[in-house]
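Taken together, the values in this text are just the output of simple stated rules run on the coordinates, not laboratory data. Predicted, not measured: the structure shown is a model, and the values here were computed from it. Here the Cβ positions follow ideal geometry from the backbone for every residue, glycine too, while neighbour counts run over all protein chains shown.
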Amino acid sequence: MIMELYALTVHEARARLEKGEISSVDLTRAVLDRIDAVDARVNAYLTVVAERALGQARQADARWAAHRRDKSTAPALLGIPMAIKDEICTRGVRTTAGSKILGKFVPPYDATVMEKLNAAGAILIGKTNQDEFAMGSSTENSRYFVTHNPWDLDRVPGGSSGGSAAAVAADETLFALGTDTGGSVRQPAGLTNIVGLRPTYGRVSRFGVIAFASSLDQVGSLTKDVRDAATILGVIAGYDAREATSVNRPVPDYVGALDGQSHPAEERGTSGLPLQGVCVGVPREYFIEGMQPGVDAVVRAAIRQLESLGATTQEVSLPHTDYSLPTYYLIAPAEASANLARYDGVKYGYRLEESDEMWEVMRATRGDGFGAEVKRRIMLGTYALSAGYYDAYYLKAQKVRTLIKQDFDQAFAQVEDPEHTSGVDVIVAPTSPSVAFKIGEKVNDPLQMYLADVFTLAQALAGIPAISIPCGFVDGLPVGLQLMGRAFDEERVLRVAYAYEQATDWRTRKPAL
Ligand code: GLN
């Protein structure tokens, strides 16, 4: 089958590069041409660095030639094009976080994840659109333009990493990075029929990632399949001495974990079914009234498919789920209000000088530099942290956060007593309560917008890994299946996701553009 180069997955492209069937220049040109052909309609990219990318591709081809000659293994992503959310600092390439206040900011350094991707040989194609400072669920809060869902250009791609998701879904890159504070990788992945992985808190360094809510922010991948998600995680994970919350643990072989061969034989079982021995928890609280009926049906069918692959399912309860939304919308704005204090009109380039009085400059710069949603969050957060209300709001929210985390601990816990139900290995749920909504539909109703994330907030509050994978369509629009795991158990999450993906063909469906 002849496939357009831009439509390849990372592993497919690598196999062809390895054999010398294609060059990185061919691949990079194909992606740049694809951007020329469709991005005027999709609006995924804020910045495209075509010349820089082609220069890197030529270098990659020279390195590939050397590797083929001496039969040595090339770095994991040598010559592979990528797109990066504009929340992540790229040395020498403008990084706006979707905000006007960073409109002139060209970082003098790379985020750690960029250093790792560069070392792995990946090629930066451009920076993707997003909600301002990653605050939003639709990419409509970008201060630049709205990104369109490739499956229906009148609909949102989700957010806040909507540009990254749309770019992958429209084959305008082979993979992308996003950030996920409360769902911003998983939700847009679900709404665009691609794979979005949020790793465990502490697994991937946030050094050089523009801070939104520091106890929640995490970098994640947006890819065309689960194997690519495993590959990218293997590249970006690992300890970073420059990041205080980075956890010093070895990085496992995530790709090797996909087919279970690196798992103990007794877990793999003898039935030949890929998920034999895996217990999947189905949380009562995630199948709620108000969920779009078609979404509910598609997700339940996916759960039956997991059973047919050998998994056992068990109903579990995560009783504090209802509190995730109010808890998140106290903690995230509180931390954001502190993190955003640094944008004062002195650093980062943007400054409105309407007077020579310092407070006036700051007021004017922040007044114009920040958009409405960011201001709303700064006000909410400042209020929640103020002396008289700290205990009532922020401290209370932190206590509820512990209860939310304990819900997961209990569901995942192994109970010794054989009569008793033992803990589950992964938990399955919808990624979002509905398919992609119309552009403009929720933009004037912040509470409705916040509800788009009801299913993706608790995992972030608990710090656990979760992935969204394609699991079907409702009225021609994609639905995401969310799989969550224990902290640092990405291997198992990926393995279950991979088994489901191999047994289905949802990911092969592409939007007509
Ligand atoms: N939509 C959520 C918010 O607006 C989550 C965003 C994110 O994960 N960055 O805060």
Qualifying positions in segment 146-164 - crowded, with 23+ Cβ neighbours inside 10 Å, farther than 10 Å from Ala44 by Cα and away from the ligand (no atom under 13 Å from the Cβ)
Trp151
Can you say whether Asp445 is surrounded by fewer than 24 Cβ atoms within 10 Å (Cβ to Cβ) and within 14 Å of the ligand (Cβ to nearest atom), as far as the supplied structure shows?
yes
Please specify each residue of segment 204-219 satisfying the condition of being surrounded by fewer than 24 Cβ atoms within 10 Å (Cβ to Cβ) and among the charged types (D, E, K, R).
none
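Would you check which residues across segment 125-145 are surrounded by fewer than 24 Cβ atoms within 10 Å (Cβ to Cβ) and either without any contact (Cβ under 8 Å) to a residue 24 or more places away in the chain or within 13 Å of the ligand (Cβ to nearest atom) (or both) and list them?
Passing the criteria: only Glu140.
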Does any residue in segment 83-102 that is free of Cβ contacts under 8 Å to residues at least 40 places away in the same chain and at positive phi come within less than 7 Å, Cβ to Cβ, of a residue that is of a type outside the set (Ser, Thr, Tyr) and part of a loop (DSSP other than H, G, I, E, B) six or more places away or on a different chain, and which pairs are these?
Gly92/Val106
Check on Lys116, more than 16 Å from the ligand (Cβ to nearest atom), not in a loop (DSSP other than H, G, I, E, B) and not hydrophobic (A, V, I, L, M, F, W, C)
yes
Conditions first: (1) within 16 Å of the ligand (Cβ to nearest atom); (2) farther than 29 Å from Gly476 by Cα. Val255 passes all but one, so which condition is the exception?
(1)
When you check Thr9 against the structure, is it surrounded by 16 or more Cβ atoms within 10 Å (Cβ to Cβ), at negative phi and not aliphatic (A, V, I, L, M), yes or no?
yes
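For the structure I just gave you, tell me whether Val278 is within 22 Å of Val493 (Cα to Cα) and either of a type outside the set (A, V, I, L, M) or surrounded by 20 or more Cβ atoms within 10 Å (Cβ to Cβ) (or both).
For Val278, the condition - within 22 Å of Val493 (Cα to Cα) and either of a type outside the set (A, V, I, L, M) or surrounded by 20 or more Cβ atoms within 10 Å (Cβ to Cβ) (or both) - is met.
Can you tell me how many residues within segment 346-385 are part of a loop (DSSP other than H, G, I, E, B) and either surrounded by 12 or more Cβ atoms within 10 Å (Cβ to Cβ) or not hydroxyl-bearing (Ser, Thr, Tyr) (or both)? Spell out the reasoning first.
The first filter runs over segment 346-385 and keeps only residues part of a loop (DSSP other than H, G, I, E, B), leaving 346-357, 370-371.
Remaining after also requiring either surrounded by 12 or more Cβ atoms within 10 Å (Cβ to Cβ) or not hydroxyl-bearing (Ser, Thr, Tyr) (or both): 346-354, 356-357, 370-371.
Total satisfying the criteria: 13.
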Among the residues of segment 165-177, is any within 16 Å of the ligand (Cβ to nearest atom) and closer than 27 Å to Ala341 by Cα?
yes
